[in-house]
Every structure is written in C-alpha cells, then in structure tokens.
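See below for the structure under consideration.
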Amino acid sequence: MSLVADTPPNSSSSDDFASLLAVELDSISSEASPEIEVEDDYELGPDSLEVTSPDVEDDHDYENRDLPLEGCRLSLVETVSIGVTGWSRHRVKRRKVEELEVMEKTNGKHVEYVDKFRLKCSVLLLLLLALSFVLLVLYFAELHFDLQLCAEASTSNKCLHPVVIKDICVVCGEKMEEASGVALGYIHKDLRLSKDELYRVRNLDKKNSLRNKKLYLVLDLDHTLLNSTRFKDMTEDEAYLKTGADTLKGRICSFDQQYVLTNMMPCGRLIIKGEIREAGRQTTNAVVSRVINKVQNLDLDEGSLFRLDYMQMFTKLRPFVHTFLKEANKMFEMYIYTMGEPLYAAEMARLLDPSGVYFSSRVISQVDCTQKHQKGLDVVLGQDSAVLILDDTENVWQRHRENLILMERYHYFASSCQQYGFNCKSLSELKSDERELDGALATILHVLKQVYSMYFDTELGDTIGDRDVRKILKSIRKEVLKGCKIIFSRVFPNKFPPQSHPLWKMAEQLGATCATEVDEPVTHVVAMDTGTEKSKWAVKQKKFLVHPGWLEATNYFWERQPEENFRVSQLKNQESSSAPHS
Amino acid sequence: MFFHIVLERNMQLHPRHFGPHLRDKLVAKLMRDVEGTCSGRHGFVVAITGVEDIGKGLIREGTGFVTFPVKYQCVVFRPFKGEILEAVVTMVNKMGFFAEAGPVQIFVSNHLIPDDMEFQSGDMPNYTTSDGSVKIQRDSEVRLKIIGTRVDATEIFCIGTIKDDFLGVINDPGAAA
C-alpha cells in the first residue's frame, strides 16, 4: 500500500520515539542515579536501551515487534496493537519518569526536561492514532471494492449454472469444480439442481395443472404397496410358499430362461389354492364365493407373490394394488419413495409396473434423501400443495405431515409381523390375505378420488392456483366423524394432559368433538374395559362403548367404522381376529 | 466427429492358437478386444478397418503367452464441442431429455429446448409445441448441437442444445405411425 509508505511519521516514528526516549532516560538516569552503570554513551540505537532498566528492555521487545510496520501493509489488528503498545510504552516511560521526578524533586532543570518529553509523547501518540484511523478507512474501502468486484463478476457471467450433470453445467457446457445444489439421483446419478432451479421447475406446471389435470402421488413401498421377507426369515408355516413357488419356477424358467423372469415369477394360483383350503375349513358360503370370484378375475401374469432368487427374497404385493395403480395413474403423476436400497426399489418398481408406464424414472430411494432418516418432498418435482403421500410411517414425513395419508400397515409375512411386535399368526401362515374390494388400498383410492375431484372441481372457479390438497385433505377428514362427541375413559395415562394425546388429536382431526366429562350430547365412550364409571354410564345411557381400535380403524379407513365390531367386551376376540389385518 | 487413425496395441495370445491361422486369430481377438471400447484420448473405437503391421512376438516367461505389437487402422468417434450430431431420444423427463448418438449419451436440458415446446407428462412423456406439430418423445430422432463434453476413461457424456436454427426433431415416430 503506497499510502503507508507515504506517511512520513510511520516508518521512522517508532525508531525516533525509542531513541528519543533512550536519550531522555539516559540523561535523566545518569544524572539522577550515578550508581547505575551505563555501558554506552548517548548513542542512538537499540544497544543504548539495553541495560538502563528492565522497563526499557521491554521496550526493545516492542520495537522488534513493530518492525514489520515498515514498508508493508498493516492489518487492522496490527494497527490497534501499535496503538496499544505505543500507549503502554508511553505509560511505562511515564511511570518511570514520574518516579524519577519524585526522586529529583529539587532539581528544577529536570522538570523542564520532563515537560518537554511529555509534549513530544502526546504528539506522537496523536500521530499514531491518526495513522491507525487512516489505515482503518483504507481497509474498509478495500473491502468495499472487493465486494463490488464480486458483484460485477456475477452480473457479467450470465449463466447461473442452474442444472449440473456430471460436473458440467447443462446450460453453458462449462465444467464445474465443485458440486452444489440438490442431487436428483433418481433421474440421473450425477444430476444436481440449484435451489432456484428447483423452485422454478416446481412452479413451472402450476399453470399447466388445469390442462394436465394431474396431481402428484408419492407412494411408499414396504407395508404400503407390498411386503417382502428374506428367505432366511421365513417360518416353518411359510415353507409351503417355497416349495410351491419352486414347482412354478420350473415351468416358467423353461418358458423364458433369460432375464428377469427367472427372478420374478407370479405364483398367484398358489395363493388361491391356499385360500380355498382355508375357505373350506371355515365353510362359510360367502368366503367361498369371494375366493372363487377372485380365481376368475385373477390374471396369472399379474400375480401377487414373487420369489426373487438373487435377492433371496419373497415379495407379496398388496391385494388390489394393480387396480389401484391403474386408477391412480389417471389422476396422479406417481412417485415411489422408499427408504430401501436403490436396487431393491428398482426391482419392486419392476414388479409393480413391468412396462414402466406408471413410474418411469420416478423411483426415489434411500440414497436420494436429502436428510437422514427423513423423507422430503424437495426431491419431488411438484408443488407441495399438489402432492399426496401414501405411507405407513408418519415419522419419516415430519416436514410434510399435512400431505400424508397414513396407511394401515400391510403385514403378509411372519417376519414383518414380528418386526412390529405382533405375536400372532401372519397372513401367510394363515394362508389368508387382505380383502381386495374393501381392503386398505381400495378405501384409500376412494379418498384419493375425492381429493382429486375436489381439487379440479370447476364449480369452485378458476382460482386453481390457490387450491391446496392439504386443505382438501383436512376438510375431508373433518367429515368422517362429524357430529360425534367422544369421551375417553381409562385410555390416557394419569396426569397426562388429554388434549395432547395422539388419540384425542386424531379424534379432533376426524371432526369429532372431545370432552372429559359425561353429558347428554356424548355419542361415544372410548374405553379399555367395561368396569369404569364412564363405561357403565355408557351402557346405561345406551351410548356406543368402543375400544380405541375403533378410532384408529376409522382413521385408517376414512369412514366411521361399525361400532359393533369394536365393543369393549369383545376386546379379547377382537385382538386375535383383527390384529393380522392391522 | 469420426477419424480414421492408426493405433497400436500389444496383444497377448495363448500358445494354443499358434499355427497356420495365427494371424486370423490375432485379428479376431483384436476386434473382440478393441471395438466398442472408449478411450478418453481417441474416443470410441467404432470399427477396425485393417491391420497395418504385426511385430515380432515375444514369449512371456512363465506363462507361455506371446505378446505381439499390433498396428491397426480404425475408425474412432469422438464428439466435440460445437459439433452437430443426430441422436435418438431415450428418455424424456421434466428436466429435459436424454439421447444417444451411438455410444455417446447426450443430455438436453429444458433450458435449451425451444421455449414454445412444453413438457407433457403421462404414459409417454414428451415435449410438444403449442400447436402440437412437433413432438419429442422416446425414440424420436433429433439433430442437436454439442455444447459441452465430459470425457472419462470409459465413457463420454455430452450436453446438447436444440435451441438453434435447423436443430430439433428430424423424424418423429409418433407422427409417422
């Protein structure tokens, strides 16, 4: 910095100052205390300072530290330190001088010296302060200049590199040094979008949504659309699946040795056989007719049990899933979003959608998540207000609870039942399955249709941009238990604020009103056993006395469930029969 | 761009191939080994057109394999920035589309697709003009210009544009059908 060099007092000031002090002090001390040995005479330079006193030796150190000051640019900190050292040096000297003053009070001539010295000191101090101020100003001026340069650079370079693939910007073709932005690995493994671009893309089809008439649907795999188990986790009761599948495998392998088919074999017929056997045992006419219907409807190519040899896995698709996807595809652009491995996700997508019509490349797996153990809609190229989510786990969607339609878990295999702590026979062990026509997927499809038609309801005017699936979902949910007034009895733990209990919240979201005390408008009493006062009251007043399972089932099915199925007295039976379905 | 160049390679041949057809075996092996590979320097080796020279074989100690230095002519394909290519569309999505020109994969971003073409989702996602006359979907053939390349040891990836004169769809399978 030229300015520093130009400032005359700076480069020489500390030297001058030091030598001046040396001269002054030496003269004082030699006069004052002749006992002190003085090696050199009054020569300038650091040597003269050395021996006079420890204080002055300190000075010498300061001076050394100040040396870089000459010629080179000063940082702000240094500037301040100079000020401080200068000041403290001044103080030290002054104290010394004052001591001497006291000692030499009688010497009038000396007082004159001291006065002169003080004046010089203060002038120098002022100069130092001024210098530091100038440097400060300079420092900020340069900072400002730098910022301006940056701003200029960003405006002159027009490409903001919105999308980067394999470290090349897709707009200008420039090579990028470091990867930034959100990775969309499911589209292409090296594709990255900047935040702004993501925002732009997501808003892009807002205006087209009326024309395209499609919303977005994010689907979870495990326990929502299907259920998988590893060979080694299968129980003895499930062994029939293995042997059965093996015989079928022989047939299909001869048909197509090559590729996927060896790994994915529909074994639909097998399940039906199992059900017929089971049906025979139950000897209920209705069940038999249902199963027979199913046999007629079921296309073997769309089987639901698959054996994936190279993954050592059995996968069971949820009943109704094919119809569900076919119907939902008309209304939604569908994504798969799973916490599984990419390979697993791709394989499951192929089972669900062999021709790639429903999902194409929209299969998001664990590696694409932007946050650990959380699913997020940020990698979904659709606006949050147009996305519905089907998942069986609420916790992974912390940020998007309002978009979520919670699914009843589908447990087909015993291993998955155990995983969630059910100590009962699994559907596979019972050789049974969820009902197709009024199972979870069928009910949810109904809800989806409702949301869809409300979103695109033309009678609501053309302000489609303001519509929000979250609001619609909320309003539909509110209708479910409208007019019900619920009190809970021995459901919440003692001293637990009932308003914050999940069941209470659930009931309110479903449109019911909740209360803590019995009164006339109460319609339902939710209790764990019949012995409580409220339960007795309910029996006496002929109110519905239901198990909390009633509320949960209502929540899953979006429909007020028949209260007879959830009687508290039936608790024991309920658990054994309904647990595999829940 | 295609180039006809001479390359050299050391071929190792198993002793069982020694005999009157040694040369044929060597050439056959060369074709098997080289054609379709990619080198960052020369691009993709499309075809071997002739063998210029086969040097003296050297017996490897211990294995009995013989190493022949082989000089061969071949056609290589290497895309360059600014080059015009014709490619087949393989995948269309909201971000743009992927296309292939032989072994080279090219991505065309929606920024570099003409503004009057809009993305249509559905069973067959595509980019269509507002009047519906031009459509880019899977298996469409497009003429595009390369604006950036990334050359790896085994793969070449390009970024292209169709936002320029005389670029775009050259044969639309949907329209022909």
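The values are calculated or read from the model by the stated rules, or taken from the named source; none is laboratory data. The structure displayed is predicted, hence computed values, not measured ones. Neighbour counts run over all protein chains shown; Cβ positions are idealised from the backbone, glycine included. To get the accessible areas, we keep the full protein, side chains included, count just its heavy atoms, and leave off ligands, DNA and RNA. Shrake-Rupley method; radii C 1.70, N 1.55, O 1.52, S 1.80 Å.
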Out of the residues in region B:101-110 that are farther than 12 Å from A:His188 by Cα and among the polar types (S, T, N, Q), which is most open to solvent (accessible area, probe 1.4 Å)?
-> B:Asn110
Which of the residues spanning region A:172-188 are assigned to a loop (DSSP other than H, G, I, E, B) and within 11 Å of another protein chain (Cβ to nearest Cβ)?
-> A:Cys172, A:Gly173, A:Glu174, A:Met176, A:Leu184, A:Tyr186, A:Ile187, A:His188
Reported set for region B:1-33 where residues are among the hydrophobic types (A, V, I, L, M, F, W, C) and assigned to a helix (DSSP H, G or I) is B:Leu22, B:Leu26, B:Val27, B:Ala28, B:Leu30, B:Met31
Pairing a residue in region A:436-455 that is farther than 15 Å from A:Ser475 by Cα with any residue that is small (Gly, Ala, Ser) and not in a helix (DSSP H, G or I), where Cβ atoms lie under 7 Å and the two sit 6 or more apart in sequence or on different chains, gives none
Take the residues of region B:116-135 that are away from chain A (no Cβ under 13 Å) and touching an Asp or Glu at 6+ places or on another chain (Cβ under 8 Å): which is most open to solvent (accessible area, probe 1.4 Å)?
-> B:Lys135
The helices (runs of 4 or more DSSP H) lying entirely within region A:280-353 that contain at least 1 residues which are surrounded by 14 or more Cβ atoms within 10 Å (Cβ to Cβ) and at pLDDT 85 or above are A:321-331, A:342-352
When (1) over 26 Å from A:Leu184 (Cβ atoms); (2) at pLDDT 90 or above; (3) away from chain A (no Cβ under 11 Å) are applied to B:Ser140, the one that fails is (1)
Taking region B:86-100 only, how many residues are away from chain A (no Cβ under 14 Å) and open to solvent by 10 Å² or more (accessible area, probe 1.4 Å)?
-> 2
